[in-house]
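Asks: Handing you a structure now.
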Amino acid sequence: MARHLITSAIPYINGIKHLGNLVGSQLPADLYARYNRGRGHEVMFICATDEHGTPAELAAKKAGQPVAVFCAEMHEVQADIARRFGLSFDHFGRSSSERNHVLTQHFAGKLDENGHIREVEEKQVYSIDDGRFLPDRYIEGTCPNCGYDKARGDQCENCTKQLDPTDLINPRSAISGSTNLEVRATKHLYLKQRAMRDQIETWIDSKDDWPILTTSIAKKWLNDGDGLQDRGITRDLDWGIPVKKGDQPWPGMEGKVFYVWFDAPIEYIAATAEGTDAKGQPDSEWRRWWRLDEGAEDVTYTQFMGKDNVPFHTLSFPATIIGSNEPWKLVDYIKSFNYLTYDGGQFSTSQGRGVFMDQALSILPADYWRWWLLSHAPESGDSEFTWDNFQQSVNKDLADVLGNFVSRITKFCRSKFGEVVPEGGAYGPEEEKLIADLTARVRAYEGFMDHTEIRKASAELRAIWVLGNEYLQSAAPWSTFKTDPEKAAAQVRLGLNLIRFYAVLSAPFIPFASDAMLEAMQSDNRDWPEDVPAALAALDAGHAFTTPEVLFAKISDEQREEWQERFKGIRD
């Protein structure tokens, strides 16, 4: 049994996430967690809400709530939607937790102790009308690189270029829209990443199995222009983790908080601790996942994220851990994703553009979305969501292939043998070939899942479903029954066992349908088919089952047209 630590990039608290956010981190992480649990491995799957920084403050202001109240309520909203999408987190934490306060301050103190922090007097934009300094995300303007007119002061979400607020053309306050801005002096702490550049590059170079997308972004930040830069880790904000050296004050930093991108990745560790706290377990339980000196030597740590998060996870967070000189677990594999686009443009939380998770669940169950998103995951390039493609994929893959198989075999058995697995007959060459073909496909499926090749894994799973349909069509037990009922019984027995077999293999992708199939087969046997022939004999003759309702309903042209019209604009 292996041990897998799995983290998804933590979503901002500033609103309900869209489908692009979902497929870029949480959903593939859940797929991998479910798969490894299914294989019998020990899994710790962690996520949280990212509650600090300007997005939280701006969203709370828009909602007319104190930021702490807004964050608490939105955490519950996001946790509920995650549950309804079947995201199987071992713990879904909060970056505003006391655990994260203590750990973030601890890391900052260690970094300073080891000479990795410097104090910098810098120029920062001050809004005269708002009466405050404007951290980077409080400033909007036109990107000097691509011309996008809603670029933020830290990064352009259109071209992903890292920016400083003073780089923006026609800058304005994101709070009031005021252009009455001036530059004033303020002091901040910087993480001396540049001094750790060679150490970080050596570590990245050792990861020769990482996706090209991950390493290419990391290398670009390491080498382009002036190379890796020191990074500010504090901000002039009220909401956040107060700047301290461990549990001691930090002279000159009174009234400042840690920058959200410093504390957010530390929340992976803190959320694990929050989870053990919630269960009343001792600290040793979370530390065995994170401390190499306390049991984490055999842990494989995999992170999932969109490409815009890669720089912070390949450079800044590792710099924090390396610079602490403490034996914390570093990530082993970073699975990064390109963007899912919508109707020719980007999904955007800040612009309210696209289909959002709550909206998606209001029109169809989670598995419809899970299947389409994962089978079209933007791994090698951007993927585009279109309603036509969504309809075709759901109808062909889920309804025509998997759902049709389950319906045909259960209804036929009920009509000829009753709602029990029939006895009699023996497998012939056709059944033996099917079992051999399935064995080869399952091993290939496992290989793709082990290496998080998600689109290839989904194609392999679909091919496994297709084999059952092709067998059923070829064997035609409804015809065989007329001349050889014993042989038809064997064919049906294999078909019913395939339903349980499909339920187990499909659970990482479509967990709710998997549960429905197992319930119909009246089986709680979720054992992974290491031995395919044995797995296809799990339901003995005489085992009772029920004929399920339609597993997946087809999407009609009328539904598709209605949804296309409803979601063509901007969310209010």
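Asks: If you take the charge dipole of the stretch 368-496 about its Cα centre, with +1 on Lys and Arg Cβ and -1 on Asp and Glu Cβ, which of F481, N395, Y368 is farthest toward its positive end?
Replies: F481
Asks: Sticking with this structure for a sec: So who's got an amide H within less than 5 Å of the one on S383, skipping anything under 5 residues away but keeping other chains? H placed 1.01 Å off N, in plane.
Replies: Long-range HN contacts for S383: Y339, L340, T341.
Asks: Report in % the part of the accessible area of the chain that belongs to carbon and sulfur, leaving out ligands and nucleic acids; probe 1.4 Å. Present the calculation step by step, with values, prior to reporting the outcome.
Replies: On the way: 10610 of 22630 Å².
The C+S portion of the solvent-accessible surface of the chain is 47 percent.
Asks: Then there is this: Would you mind working out the magnitude of the charge dipole of the stretch 489-547 relative to its Cα centre, with +1 at each Lys and Arg C-beta and -1 at each Asp and Glu C-beta, to the nearest 20 Debye? Intermediate results must be reported in sequence, preceding the final value.
Replies: Numbers: 3 positive and 7 negative charges, 38 e Å.
Dipole size: approximately 180 debye.
Asks: Also, quick follow-up: What list of ³J(HN,Hα) couplings, whole Hz, do you get for the stretch 415-420 from phi and the Karplus terms 6.51, -1.76, 1.60, once you set θ to phi - 60° and write x for glycine and proline?
Replies: For the stretch 415-420, the Karplus-derived couplings read 6, 10, 10, x, 8, 9 Hz, x marking Gly and Pro.
Asks: Quick one: helix 429-450 against the long Cα principal axis of the chain, what's the angle to the nearest 10°, folded into 0 to 90?
Replies: Computed tilt is about 10 degrees.
Asks: A follow-up question, please. Using a ≥ b ≥ c from the Cα gyration tensor of the stretch 248-287 (square roots of the eigenvalues), is it rounded, prolate or oblate, where a/c under 1.5 gives rounded and otherwise the larger of a/b and b/c decides, a/b for prolate? Mind dumping the intermediate values first?
Replies: Working: a/c = 3.62, a/b = 2.21, b/c = 1.64.
Verdict is prolate for the stretch 248-287.
Asks: Please work out how much length the chain gains when fully extended from A541 to K396, using 0.36 nm per residue of separation minus the C-alpha to C-alpha distance, in nm with one decimal.
Replies: Values: separation 145, 0.36 × 145 = 52.20 nm, distance 3.17 nm.
Full extension of this stretch gives 49.0 nm more.
Asks: Using only the Cα atoms, work out Rg/Rh for the stretch 503-559, with Rh taken as the Kirkwood radius, to two decimals.
Replies: On the way: Rg = 13.8 Å, Rh = 12.9 Å.
Result: Rg/Rh = 1.07.
Asks: Further question on the same structure: What dipole magnitude, in Debye to the nearest 20, does the stretch 271-383 give about its Cα centre under +1 on Lys/Arg Cβ and -1 on Asp/Glu Cβ?
Replies: Working: 9 positive and 16 negative charges, 48 e Å.
Rounded to the nearest 20 debye, it is 240 debye.
Asks: Residues with amide H under 5 Å of G306's amide H, sequence separation 5 or more or different chain, H placed in the peptide plane at 1.01 Å from N; which?
Replies: The answer is F337.
Asks: Something else about it: Which distance in nm do the two modelled labels at E561 and D437 give, with both placed 7 Å along the Cα-to-Cβ direction?
Replies: 3.9 nm
Asks: Quickly work out the R455-to-A72 label distance, labels modelled 7 Å from Cα along the C-beta direction, and quote it in nm with one decimal.
Replies: Inter-label distance under the simple model: 4.5 nm.
Asks: Another question, then. Could you name the aspartates and glutamates whose alpha carbon sits less than 15 Å from that of K150, not counting residues in the same chain fewer than 8 places away?
Replies: Result set, ordered by chain and number: D136, E140, D164, D167.
Asks: If you line up the long axis of helix 260-278 against the longest principal axis of the chain, both from Cα atoms, how many degrees apart are they, to the nearest 10?
Replies: 50 degrees
Asks: Between their Cα atoms, which of K396/K487; K256/K329; K187/K256; K17/K62 are more than 20 Å away from each other? The partial results should precede the final answer.
Replies: Values: K396/K487 30 Å; K256/K329 29 Å; K187/K256 10 Å; K17/K62 17 Å.
Violating the 20 Å Cα-Cα cut-off are K396/K487; K256/K329.
Asks: OK, next. Expressed in nm to one decimal, what extension gain is obtained for the pair D484 and R118 from 0.36 nm per residue of sequence separation less their Cα-Cα distance? Mind showing how you got there, number by number?
Replies: Working: separation 366, 0.36 × 366 = 131.76 nm, distance 8.35 nm.
Using 0.36 nm per residue and subtracting the Cα-Cα distance, I get 123.4 nm.
Asks: If R₀ is 41 angstrom, what is the calculated FRET efficiency for the pair Q65 and D527, using the beta carbon separation as r and rounding to 0.05? Mind showing how you got there, number by number?
Replies: Numbers: r = 48 Å, r/R0 = 1.18.
The formula returns an efficiency of 0.25 here.
Asks: Further, regarding this structure: Taking the chain as a whole, which cysteines find no other cysteine Cβ under 4.7 angstrom from their Cβ?
Replies: C47, C71, C413
Asks: Could you run the Debye sum over the Cα atoms of the stretch 191-276, one equal point scatterer each and no solvent, and tell me log10 of I(q)/I(0) at q = 0.17, 0.18, 0.21 Å⁻¹, two decimals?
Replies: -0.93, -0.99, -1.09
Asks: Once amide H atoms are placed 1.01 Å from N in the peptide plane, what residues at a sequence separation of 5 or more from R152, or on another chain, have their amide H within under 5 Å of its amide H?
Replies: Here the answer is E157, since their amide H atoms fall under 5 Å of that of R152.
Asks: Moving on to the next point. On C-alpha positions alone, give me the angle between the axis of helix 454-475 and the longest principal axis of the chain, in degrees, nearest 10.
Replies: So the inclination is approximately 10 degrees.
Asks: Taking 7 Å along the Cα-to-C-beta vector as the label spot, tell me the S216-K279 distance in nanometres, rounded to one decimal.
Replies: 4.0 nm
Asks: Hey, what do the phi angles of the stretch 63-73 turn into as Karplus ³J(HN,Hα) couplings, whole Hz, using 6.51/-1.76/1.60 and θ = phi - 60°, x for Gly and Pro?
Replies: Once rounded to whole Hz, the list reads 7, x, 10, x, 4, 5, 5, 4, 5, 5, 5.
Asks: Sort out for me the Cα centre separation of the stretch 159-182 from the stretch 316-387, rounded to whole Å.
Replies: 26 Å
Asks: I'm spelling it out carefully: the read-out is Kirkwood radius over Cα pairs in Å, the candidates are (i) 24.8; (ii) 27.4; (iii) 25.7, and one was derived from this structure. Which label?
Replies: After the calculation, the listed value that fits is (iii).
Asks: Using r as the Cβ-Cβ distance of A195 and T300, and R0 as 30 Å, what FRET efficiency do you calculate, to the nearest 0.05? Kindly include the intermediate steps, with their values, before the conclusion.
Replies: On the way: r = 29 Å, r/R0 = 0.98.
In this case the efficiency is close to 0.55.
Asks: Using Cα pairs closer than 8 Å and at least 6 residues apart in sequence, work out the relative contact order for the chain, in percent.
Replies: Working: 1002 pairs, mean separation 95.0, N = 572.
Relative contact order here is 17 percent.
Asks: Output the antiparallel fraction of DSSP beta bridges having both residues in the chain, as a percent to the nearest 5. Walk me through the numbers before you get to the answer.
Replies: Numbers: 33 of 57 bridges.
Antiparallel: roughly 60 percent of the beta bridges in the chain.
Asks: Once the Cβ-Cβ distance between L292 and F133 is put in as r, and R0 is 60 Å, what FRET efficiency do you end up with, to the nearest 0.05? All intermediate terms of the calculation are to be shown ahead of the outcome.
Replies: Details: r = 40 Å, r/R0 = 0.66.
Rounded to the nearest 0.05, the efficiency is 0.90.
Asks: Moving to a separate point now. If you take the square roots of the eigenvalues of the alpha-carbon gyration tensor of the stretch 1-110 and sort them as a ≥ b ≥ c, do you get rounded (a/c under 1.5), prolate (a/b over b/c) or oblate? Could the numbers behind the result be given before it?
Replies: Working: a/c = 2.59, a/b = 1.43, b/c = 1.80.
Here the stretch 1-110 falls in the oblate category.
Asks: Mind checking which of P265, W210, Q199 is farthest towards the positive end of the stretch 191-291's charge dipole, using Cβ charges of +1 (Lys, Arg) and -1 (Asp, Glu) about the Cα centre?
Replies: About the Cα centre, the residue reaching furthest to the positive side is Q199.
Asks: Then there's this: Give me the number: length gained by fully extending Q229 to E98, i.e. 0.36 nm times residue separation minus the C-alpha to C-alpha distance, one decimal in nm.
Replies: Values: separation 131, 0.36 × 131 = 47.16 nm, distance 3.01 nm.
Stretched out fully, the Q229 to E98 stretch lengthens by 44.1 nm.
Asks: Another one. Once you have a ≥ b ≥ c as the square roots of the Cα gyration tensor eigenvalues for the stretch 60-131, tell me rounded if a/c is under 1.5, and otherwise prolate or oblate according to whether a/b is larger than b/c.
Replies: On the way: a/c = 3.13, a/b = 1.31, b/c = 2.39.
Because a/c hits 1.5 or more and a/b fails to exceed b/c, the stretch 60-131 counts as oblate.
Asks: Place a +1 charge on the Cβ of each Lys and Arg in the stretch 175-237 and a -1 charge on the Cβ of each Asp and Glu, then give the dipole magnitude about the Cα centre in debye, rounded to the nearest 20. Display every interim value, and only then the final one.
Replies: Numbers: 10 positive and 10 negative charges, 61 e Å.
Using Cβ point charges on Lys, Arg, Asp and Glu, the stretch 175-237 gives about 300 debye.
Asks: While we're on this one: Between the stretch 232-277 and the stretch 491-521, what is the separation of their alpha carbon centroids in Å?
Replies: 46 Å
The values are calculated or read from the model by the stated rules, or taken from the named source; none is laboratory data. Only a predicted model underlies this, so the values are computations on that prediction, with no experimental measurement involved. Virtual Cβ from ideal backbone geometry, glycine too; neighbours counted across all protein chains shown. SASA here: full protein model, heavy atoms, side chains in, ligands and nucleic acids out. Shrake-Rupley method; radii C 1.70, N 1.55, O 1.52, S 1.80 Å.
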